[in-house]
Each structure stands twice: as C-alpha cells, then as structure tokens.
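Laboratory data are not the source of any read-out in this text; all were calculated from the coordinates shown. Quick caveat: nothing in here was measured; it's all calculated off a predicted structure. FYI the Cβ positions are ideal-geometry reconstructions off the backbone, even for glycines, and counts take in every protein chain you see.
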Amino acid sequence: MSAVYKRIKLILLVIALIATSGLVQSAQAAESADSTKAFNASEVILHHVLDDHIWHFFDGHYGTWYLPIIVYTKERGLESFSSHHFYNENHEVVPFNGYKLDHNHIYLEATGEQVLDLSITKNVATLFINAIILLLVFTAVARGYKNNAGKAPKGIQAFIEPIIVFVRDEVVKPNVGPKYEKFLPYLLTLFFFILFGNLLGLLPGASNLTGNIAVTATLAIGTFIITNLSGNAGYWGHIFWTPGVPLPLRPIILLVEVAGIITKPISLALRLFVAITAGHIVLLSLICLTFIFGSIYVGVGSSLIIMFINLIELLVAGIQAYVFTLFSSLYIGMAIAEHHHDDHH
Amino acid sequence: MELLTPESGLFIWQTIIFFPLVVLLYFLAWKPILASLKERETSITEALGTAEKARLEIATLKSDNEKLLKEAREERDKMLKEAREAANRMQDEAKAEAKKAADKIIEDARLAINIEKQAALKEVKTQVALFSLEVAEKLMKKNLAGDKEQKDLVEGYIKELKLN
C-alpha cells in the first residue's frame, strides 16, 4: 500500500516540476514581453502554440536554439542559412540577405513575395525527434522479440506490447474487419506517432507538433488516400448510386456522400488539432493568469490547477491518438466492407 | 487566423518524414513484432489445446485404470473364493478317502489276524497232537521195553477199563 502511495507522490512531484518549469519559462517570456510593452496574454499564448524558426528554451545567450532556415524561390533557388541572422544582439528581427522574417513567415525583401519555407522550424525539429524516438523505441521492441524469442517479454518490449496488442485487437481488428492485417502497419505508426507527438508536446519548452493543422492534415490525408484507394465496388456504389433510396433522392444523396468523402479527413485533422491546441491554450491561459493579476497567490492557485490539467492532458494525449486511429480504422473498414443490401437500409 | 492555415513547409516535411517512417517501421518493427506476436499466440493456443487433450486423455486413462483395477479386484476375489472352495472340497475328499483307506486297512488287518489266529490255533493243535504222539511213543518205547512194564501197563489199562 505504502509503495503505491510513494509512487503516486513521485508522479505528482514530477508533474509539479513539469508544470512549474513551464511556468518559469512563460514567466521569462512574459517578462521579456513586459519590458517592451504591456502584457498581452493572447499574444504569448499564440506564440507558444504556433511554429517558430527559433527554439526558445530560456532567456540569455545560450537559451535559444537558432534553427536552420531553408528557403526556395524561383528567382534565387534553394538557399540555406541559420535563423540567427534574422536576429540582432537585442533579439530584434532584422532582414538578412534579401529575406525578411515577419510573424514567422519569410518574404523576399525586394518584391514582398512569400517564399517556399522549408526551414527546420521548431515543429520540423520536433518531427525529426519524434521520428527518431519512434525508430529507436520500436527497433528496440523488435530486438526484444528476437532476443527473447519464446520467452516472456522484457523491459521496453513488455511496456509497449500491451499497447500494440490493444491497438490491434480493440481498435483495428473490430473496425477494419477480416482484412485488417494489411492496414495494421499504417494504423500502428499513426497511433504511436500521434501518441508520442502528443506526449512530446507536453514537455516543457516543447513544440506543439500534433496541435499543428499541417501535421494533422497530412495524417488525415494519409487515411483519406488509403481509404479511397482500397475502397471496393460496394463503397463506391454506395456513394454514387446509394441503394435502397428512392430514385429522385439519389442525386441529393450523391452530393451528401461525395461531401462525406472530404469531410471525414477534415474532421480527423480538425479534431486532433483542436484537442491538442486547446489543451495547450488552457494550460498557457492558466499560466498567464498569474501575470495578468501579477499576484503570487494566483500563481500558486493556477499552478495547482495546471498540475491537474496536465494530468488530463496526459489522458487526452492517449485518447486523441486512440480516436484518430479508431476513426481511421472505421473509415477504412467502411470502404472495404462486403455489403449485403438485403439486410440493411 | 494563423493557427488554421497549414504551412506548406511543415506540410512537406511531415509528408516526407511520416510516410517513409511508416515503411521504415513496417520493415524494422511492425513486421517482426506482429509476426512474433502471432506466432506466440498460435503457440499458446496450441499449447492450451494440447494440454486440454492431455487432460482428457489422462482422465480416460484414469477411469480405464479404475475399471481395470475394479475388474482385477473382482477377478481376484472370485479366484480366491474358487480356490478356497476347491481347497475345502479337496480336503473333504482327502479326509473321506483317508478314512476309507484306513477302514479298509483295519478291516484287512482284522481279517488277516483272524486267519493267522485260526492258522496258529490249528498249528498249535497239530503240534500239541504231535507232541502228545511223540510223548506217547517215547513213553511206550520205554515202558514196553520190559515185560514187566508191559504187563503193568496192560494191567493198568485193564484196571481202568474194569473200573469204568
């Protein structure tokens, strides 16, 4: 009993540390904002939720990681340089080499035209980190199966295996149907990419990768492509000439069904983006309360609430990964299902 | 609404990272992991099936054994009973035979004794007669050697006769 109690205490302590380190970081951000103008909570929050060309950990000379800029324009071709060049000694944005940075978008100074920005931004860097973690973790898990062949799972393998089995048996198998094995690698990658991305986003100073619409849209497009490429005759028949519907209604249903093809991935992308970004905004808003009121008591109170919200965010990280995978499985399952028109409609 | 406009750069990076990641993880992780999981599950299912079969076999073997034991016990009891009966019968028979033999021997002996007795009696009579004769002869030979004695004897006899 006391061991469990100790473990809970340890977890709470870790969460408190995470919450307060976020607080300190934001406090510093807010202070630096405060020195120039009045505290603007929505600006601070948006700045933390959006992508950036630099990775700001803490104030001071070594507190910022200047990420590489990669830009492409028809006129000048592909060019690459450090984002350090966009900032002067006072950490003010300055133009460099004919490019200027404005609200995280890069424009040509001469024409004001926006360039194709392939920079390693905060989110791209997190994307790399996420991919590397996934590769390291799952090759380790696969190695576990090779080394412990015929034995009980051990270490990280034992930790990850129940999650893999859960995704396979509870999410993919019942929703995709008997041909689930073909889609399992994609759906497992999807699940763990989102889960690890969500958890990475909860770390102090981390970027909001899975709360970025470009990322969630790409994932949704993946599901969209797989769903429609594997769609069978029954699936397309349902869309273009819905059986069991009176003839005059069929063109209307056609419009609805075609819209449905598009709305499915849009709902996937928006759901994940909203859930994760909203969570971050809630956390940041609570942090900002301290600076709006300028009171240490509010700070203590909001820290306690942040601890609690952080726990919920951990839950949300898992739930959103689960939901995205669940709906992807459902859409794929609907596209490949063998329809029997006699027993429904 | 900067939040809602996807940035093309991140979109491109996400595409060129995520989809190759699916392929990479398929070969490096999912394929071996899922194969091992499946293999383990089938081996567990098989092991459970075999165990259940073995259990059933043992149960039938046990009941067979019990049946055999019961049969053997019954057989033994039957054999013992039969043996006891046979022994009793043999004992009785032997007793009866022995008695019969003994009776016969006794009877024979008695007969033989009687015959012997008769023979012995007869012999004794004969012997006695012979002895008597010999005695008589000797007496006669001795007594009739002198005339006087012959005369005495005759006179004795005559006397006896006369007296009678």
Rounded FRET efficiency, nearest 0.05, which uses the C-beta distance separating B:Ile58 from A:Ile319 and R0 of 45 Å: 0.40
Whole-Hz couplings from phi, Karplus 6.51/-1.76/1.60, listed for the stretch A:203-217; x for Gly and Pro: 5, x, x, 7, 9, 8, 5, 7, x, 9, 4, 5, 5, 5, 5
Top of A:Asn228, A:Asn90, A:Asn104 by mean-square fluctuation, Gaussian network on chain A, Cα under 10 Å: A:Asn90
Virtual spin-label span in nm between A:Ile163 and B:Leu68, 7 Å along Cα→Cβ: 5.7
Placed amide H near A:Trp65: partners under 5 Å, 5+ positions off or other chain: A:Trp55, A:His56, A:Phe57
In Hz, Karplus ³J(HN,Hα) per residue of the stretch B:115-132 (6.51, -1.76, 1.60; θ = phi - 60°; x = Gly, Pro): 4, 4, 4, 4, 4, 4, 4, 4, 4, 4, 4, 4, 4, 4, 4, 4, 4, 4
Top of A:Ile266, A:Ile132, A:Ile226 by mean-square fluctuation, Gaussian network on chain A, Cα under 10 Å: A:Ile132
Ranked B:Met140, A:Met334, criterion: other C-beta atoms within 10 Å, fewest first: B:Met140, A:Met334
Inter-label distance, nm, simple model (7 Å from Cα along the C-beta direction), B:Asp152/B:Lys122: 4.1
Two-site label geometry, B:Thr5 and B:Lys38: point separation in nm, points 7 Å out along Cα→Cβ: 4.8
Between 0 and 90°, nearest 10: helix A:184-202 axis offset from chain A longest Cα axis: 20
Set A:Lys173/B:Lys38; A:Lys179/B:Lys53; A:Lys154/B:Lys53; A:Lys179/B:Lys31; A:Lys74/A:Lys100; A:Lys182/B:Lys31 screened for pairs whose C-alpha atoms are more than 20 Å apart: A:Lys179/B:Lys53; A:Lys154/B:Lys53
Aspartates and glutamates whose Cα lies under 20 Å from that of B:Lys78, excluding same-chain neighbours fewer than 8 positions away: B:Glu66
Radius 14 Å from Cβ of B:Leu28, net charge of other residues (Lys, Arg +1; Asp, Glu -1): +3
Under-5 Å amide H pairs with A:Leu116, H placed in peptide plane, nonlocal only: A:Tyr72
Helical contribution to [θ] at 222 nm, DSSP H n ≥ 4, -39,500 (n - 2.57), averaged over chain A, rounded to 500: -22000 deg cm²/dmol
Under Karplus coefficients 6.51, -1.76 and 1.60, residue-wise ³J(HN,Hα) of the stretch A:95-105 in Hz, glycine/proline x: x, 8, 6, x, 10, 10, 9, 9, 6, 6, 10
